[in-house]
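S.K.: Take a look at this one; I'll ask things after.
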Amino acid sequence: MVQDSSWNSDDDLDFEIDNFQSSPPSSSSHVDTSSDHMFAKLVDMGYSVDVIARAIEENGPNAETCAIIDTISTYSMNCEASSSKTNTVAHFIAMGFHEEKIIKAIHEHGEENMEQIANALLLSSEVSGDMAEEEDIDWSESDDDDEKDPESFDSCTQLRHMGFSALEASLAVQRCGDDVSIADLADFICAAQIAREFDEFHTDPEEQKPRQNINKRRIVPRRDPITSANAQPLSLPNPMVGFGIPNESVFITHRSLPAIARGPPYFYYENIANAPVGVWETISRHLYDVTPEFVDSKFFCAAARKRGYVHNLPISNRFQIQPAPKLTIQEALPATRRWWPKWDPRTQLNCILTVHASAQLTKWIRSALEAHPGEPPEATKRKVIEQCRRWNLVWVGKNKAAPLDADEIESLLGFPRNHTRGGGISMTQRLKSLGNSFQVDTVAYHLSVLKPLFPDGINVLSLFTGIGGGEVALHRLQIPMRTVVSVEISEVNRNILRDFWEQTNQRGRLIEFEDVQELTNEKIVELMKRVGGFDLVIGGSPCNNLAGGNRVSRSGLEGEQSSLFFEYCRILEVVRETTMEMRRS
DNA sequence: GCGAACATGAATACATTA
DNA sequence: TAATGTATTCATGTTCGC
């Protein structure tokens, strides 16, 4: 039940926005930590008394308003409390609109007509110019120049004549650049509006914060060629825990997702973290400036796998699929325990690659160790451990180190046993396919947020499917796959996915393509109309030309295979545009 | 022709030391 | 702070045997 507003003064609005930003209030800000006052304010915001009481109880009577709002939003994410109406109000408040006008718009258009409410609010703010963001954003901080160029101003004027607000128009020009057509700018704004609507219940509270400093960095049009000269350095986190890992709440963090990046559809892109300098800057720039989430799978299983993920998924309320894998070699591969030398300090494996060590190497290790009946000399130990690390060898007998077999790799990567076995696949191909795949537990952790959002199933566009790491993750999360359109060049991998589909009695449709280039724009539109659109576009494009192990053609994103990343971008863009068109009609 | 086995460094990040 | 050392890396191309 939404109550009448009693805090619609500009001061109060500023206070709320400050709190949404999680920034410490300035000394001049009006901050009232009295729980009574806060209670009244939250009631005014439309939250139910029960929910507020519960949140205050959880956070303590001295908690700040933002903490309480976060908690309440968490309840709504969990579908346990909070009505959709309160979320609607909070959502538009977070966008910077006055509550009084929000309530009025809801009364006029009905709560379910989010788009009409948004339009009414935008129109209202256009007339009165009272959107908080417009007052807060310092447009002069663009480092291109201090004055708006006439062309941008013309675009803004035209957009405003089309009915968009000054804020929307300015933002669109800033984000897309000056050389973009009015039609494209209008599309950009519509995309953002639809995304906000769609994201109402799907993003965490932090992601819904107004980005007051959105223009305080250089905005490079996405279509610009990226060169090493203009790429901003993107450092890898240490420890590589992304936006959070299971059971380590100290690492749980929040992020600001650019408005243009918000779904629908959700997208999830993966590639190796240790790519040549500048590659991730380019990837991020082409995927709507979304900050990559770099995660090492050593926090999810007994093997390292440093990967970057660019996605627009919510990051609150992630959960791990069970049973959680063992995190040490000795626990994951208990048979090795008996033979593990005390002088080998490894407890986790390095990244699982596509090839394994030669028999010559394991033979050399055995000979080197058998040459010394007792403990080997330090130099020998060092050399053996170095090779064991290099080739991920484990101890399978006395003085006997061996590469992992395919079954063990399947287990470490989170695949069902024998996932890649059978169907005439050779061991070499099996190892290659596994070495190129996702670590399922890691990906599932990120995708887990989709489970409450798609209880009736999900339509997936799976690019560079490989052996189906994404599909296995969704299956293990028990998210029904209504449709999977899979694109995979390798016949062997396609067979593996098809086997998985049949073996697990999937009820949905599996539609297969060989080549991403076969998936023309027209074909994508046709497919989307056929299956009802895609909810998730997932894939990791080839890393051949990025990987450190490649001594021959590590040529970066322009390489023969790795340049297929741009196909991912093309396809994603078509899916997004078509999604918007389908929602309009 | 196919699969298995094998030899083939360098780019990069991070830690240590002077 | 710069130099040096250490660790890591979803690989490719060639040869050989069946």
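S.K.: Has region A:512-531 got at least one residue that is aliphatic (A, V, I, L, M), within 16 Å of DNA strand C (Cβ to nearest atom) and more than 21 Å from the chain's Cα centre (by Cα)? Steps first, please.
M.R.: Step one: filter region A:512-531 for residues aliphatic (A, V, I, L, M), giving A:516, A:519, A:524-525, A:527-528, A:531.
In the following step, the residues that additionally are within 16 Å of DNA strand C (Cβ to nearest atom) were identified as A:516.
Then drop every residue that is not more than 21 Å from the chain's Cα centre (by Cα), which leaves A:516.
Within region A:512-531 (the criterion being aliphatic (A, V, I, L, M), within 16 Å of DNA strand C (Cβ to nearest atom) and more than 21 Å from the chain's Cα centre (by Cα)), the answer is yes, since at least one residue qualifies.
S.K.: How many residues, within region A:545-578, are among the hydroxyl-bearing types (S, T, Y), away from DNA strand B (no atom under 12 Å from the Cβ) and surrounded by fewer than 21 Cβ atoms within 10 Å (Cβ to Cβ)? First the steps, then the outcome.
M.R.: Applying the first criterion (among the hydroxyl-bearing types (S, T, Y)) to region A:545-578 yields A:553, A:555, A:562-563, A:568, A:578.
If we keep only those that are away from DNA strand B (no atom under 12 Å from the Cβ) too, we end up with A:562-563, A:568, A:578.
Now restrict to residues that are surrounded by fewer than 21 Cβ atoms within 10 Å (Cβ to Cβ): A:563, A:578.
Of the residues in region A:545-578, 2 are among the hydroxyl-bearing types (S, T, Y), away from DNA strand B (no atom under 12 Å from the Cβ) and surrounded by fewer than 21 Cβ atoms within 10 Å (Cβ to Cβ).
S.K.: Further, regarding this structure: Go through A:W343, A:W395, A:W339 for me and flag whichever is more than 26 Å from A:L434 (Cβ to Cβ) and modelled with pLDDT of 95 or more. Can you show your working first?
M.R.: Numbers: A:W395 fails: more than 26 Å from A:L434 (Cβ to Cβ); A:W339 fails: more than 26 Å from A:L434 (Cβ to Cβ).
Answer to the check: A:W343.
Results for (1) within 16 Å of DNA strand C (Cβ to nearest atom); (2) of a type in the set (K, R); (3) farther than 19 Å from A:V440 by Cβ, shown as yes or no for each residue.
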position: A:A335; (1), (2), (3): no, no, yes
position: A:N350; (1), (2), (3): yes, no, no
position: A:K363; (1), (2), (3): no, yes, yes
position: A:R366; (1), (2), (3): no, yes, yes
position: A:E378; (1), (2), (3): yes, no, yes
position: A:D405; (1), (2), (3): no, no, no
position: A:N418; (1), (2), (3): no, no, no
position: A:S426; (1), (2), (3): yes, no, yes
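S.K.: Considering only region A:519-547, how many residues are not acidic (D, E) and not in a helix (DSSP H, G or I)?
M.R.: Total meeting the criteria: 17.
S.K.: Applying the selection to region A:543-553, what residues are touching a helix residue (DSSP H, G or I) at 6+ places or on another chain (Cβ under 8 Å) and within 6 Å of DNA strand C (Cβ to nearest atom)?
M.R.: The first filter runs over region A:543-553 and keeps only residues touching a helix residue (DSSP H, G or I) at 6+ places or on another chain (Cβ under 8 Å), leaving A:543-546.
The answer is A:C543, A:N544.
S.K.: Could you identify the single residue in A:R382, A:R346 that is near DNA strand C (Cβ under 10 Å from one of its atoms), open to solvent by less than 30 Å² (accessible area, probe 1.4 Å) and basic (K, R)?
M.R.: Values: A:R382 fails: open to solvent by less than 30 Å² (accessible area, probe 1.4 Å).
Going through A:R382, A:R346 in turn, the sole match is A:R346.
S.K.: If you check every pair at least six apart or on different chains, which have Cβ atoms under 9 Å apart with a residue in region A:324-347 that is in the same structural domain as A:V396 (by TED's automatic domain parsing) and within 16 Å of DNA strand B (Cβ to nearest atom) first and a residue that is open to solvent by less than 30 Å² (accessible area, probe 1.4 Å) and in a helix (DSSP H, G or I) second?
M.R.: These pairs meet every condition: A:P345/A:I385.
S.K.: Moving on. Being away from DNA strand B (no atom under 16 Å from the Cβ), open to solvent by less than 30 Å² (accessible area, probe 1.4 Å), assigned by TED's automatic domain parsing to the domain that holds A:H286 and closer than 30 Å to A:G278 by Cβ, is that true of even one residue in region A:504-522? Before the answer, list the steps.
M.R.: First pass over region A:504-522, keeping only residues away from DNA strand B (no atom under 16 Å from the Cβ): A:504-522.
Cutting the leftovers down to open to solvent by less than 30 Å² (accessible area, probe 1.4 Å) gives us A:508, A:511, A:513, A:516, A:519.
Subsequent filtering for residues that are assigned by TED's automatic domain parsing to the domain that holds A:H286 retains A:508, A:511, A:513, A:516, A:519.
Right, trim to closer than 30 Å to A:G278 by Cβ and you get A:516, A:519.
Yes, some residue in region A:504-522 is away from DNA strand B (no atom under 16 Å from the Cβ), open to solvent by less than 30 Å² (accessible area, probe 1.4 Å), assigned by TED's automatic domain parsing to the domain that holds A:H286 and closer than 30 Å to A:G278 by Cβ.
S.K.: Identify the residue in region A:235-249 that is in a loop (DSSP other than H, G, I, E, B), within 16 Å of DNA strand C (Cβ to nearest atom) and surrounded by 18 or more Cβ atoms within 10 Å (Cβ to Cβ) and, among all such residues, is farthest from the chain's Cα centre (by Cα).
M.R.: Initially, region A:235-249 is screened for residues in a loop (DSSP other than H, G, I, E, B), giving A:235-240, A:242-248.
Keeping just the survivors that are within 16 Å of DNA strand C (Cβ to nearest atom) gives A:235-240, A:242.
From what is left, the residues that are surrounded by 18 or more Cβ atoms within 10 Å (Cβ to Cβ) are A:240, A:242.
Details: A:M240: 15, A:G242: 10 Å.
Among those residues, the one meeting the criterion is A:M240.
S.K.: Assuming A:I409 fulfils every condition listed in (1) in a helix (DSSP H, G or I); (2) within 16 Å of DNA strand B (Cβ to nearest atom); (3) open to solvent by 40 Å² or more (accessible area, probe 1.4 Å); (4) more than 20 Å from A:G539 (Cα to Cα) apart from one, which condition is it?
M.R.: (3)
S.K.: Take the residues of region A:273-291 that are open to solvent by 20 Å² or more (accessible area, probe 1.4 Å) and within 16 Å of the chain's Cα centre (by Cα): which is nearest to DNA strand B (Cβ to nearest atom)?
M.R.: Here the residue is A:E281.
S.K.: Taking the criterion of being free of Cβ contacts under 8 Å to residues at least 60 places away in the same chain and among the charged types (D, E, K, R), would at least one residue in region A:567-574 satisfy it? Step through it out loud before you land on a result.
M.R.: Filtering region A:567-574 for residues free of Cβ contacts under 8 Å to residues at least 60 places away in the same chain gives A:570, A:573-574.
Next cut, among the charged types (D, E, K, R) only: A:570, A:573.
Yes, region A:567-574 contains at least one residue that is free of Cβ contacts under 8 Å to residues at least 60 places away in the same chain and among the charged types (D, E, K, R).
S.K.: Let me ask something additional. Filter region A:355-366 down to residues that are within 29 Å of A:A273 (Cβ to Cβ) and surrounded by fewer than 16 Cβ atoms within 10 Å (Cβ to Cβ), then give me how many there are.
M.R.: Matching residues across region A:355-366 total 2.
S.K.: Another question, then. Out of A:L461, A:L450, A:L474, I need the residue that is within 13 Å of A:I538 (Cβ to Cβ), free of Cβ contacts under 8 Å to residues at least 40 places away in the same chain and in the same structural domain as A:H311 (by TED's automatic domain parsing). Which one?
M.R.: Working: A:L461 fails: free of Cβ contacts under 8 Å to residues at least 40 places away in the same chain; A:L450 fails: free of Cβ contacts under 8 Å to residues at least 40 places away in the same chain.
Being within 13 Å of A:I538 (Cβ to Cβ), free of Cβ contacts under 8 Å to residues at least 40 places away in the same chain and in the same structural domain as A:H311 (by TED's automatic domain parsing) holds for just one of A:L461, A:L450, A:L474, which is A:L474.
S.K.: What number of residues in region A:477-503 are part of a loop (DSSP other than H, G, I, E, B), under 22 Å from A:S541 (Cα atoms) and not acidic (D, E)? Please lay out each step first, then the result.
M.R.: If we filter region A:477-503 for residues that are part of a loop (DSSP other than H, G, I, E, B), which is where we start, we get A:477-480, A:488-490.
Within this subset, residues satisfying the condition of being under 22 Å from A:S541 (Cα atoms) are A:488-490.
Remaining after also requiring not acidic (D, E): A:489-490.
Qualifying residue count for the region: 2.
S.K.: For region A:528-544, name all the residues that are open to solvent by less than 20 Å² (accessible area, probe 1.4 Å) and closer than 30 Å to A:N392 by Cα.
M.R.: Taking region A:528-544 and keeping what is open to solvent by less than 20 Å² (accessible area, probe 1.4 Å), we get A:528, A:531, A:533-534, A:536-541.
A:I538, A:G539, A:G540, A:S541 - these are the residues of region A:528-544 that are open to solvent by less than 20 Å² (accessible area, probe 1.4 Å) and closer than 30 Å to A:N392 by Cα.
S.K.: Regarding A:V443, is this residue more than 30 Å from A:L477 (Cβ to Cβ), away from DNA strand B (no atom under 14 Å from the Cβ) and touching a residue at least 60 places away in the same chain (Cβ under 8 Å)?
M.R.: Numbers: more than 30 Å from A:L477 (Cβ to Cβ): no; away from DNA strand B (no atom under 14 Å from the Cβ): yes; touching a residue at least 60 places away in the same chain (Cβ under 8 Å): yes.
So A:V443 does not fit the description; no.
The values are calculated or read from the model by the stated rules, or taken from the named source; none is laboratory data. The model shown is predicted, which means the values in this text are computed figures rather than measured ones. Backbone-built Cβ (ideal geometry, glycine too); neighbour counts: all protein chains shown. Accessible surface is based on the protein model in full, side chains and every heavy atom, while ligands, DNA and RNA are left aside. Shrake-Rupley method; radii C 1.70, N 1.55, O 1.52, S 1.80 Å.
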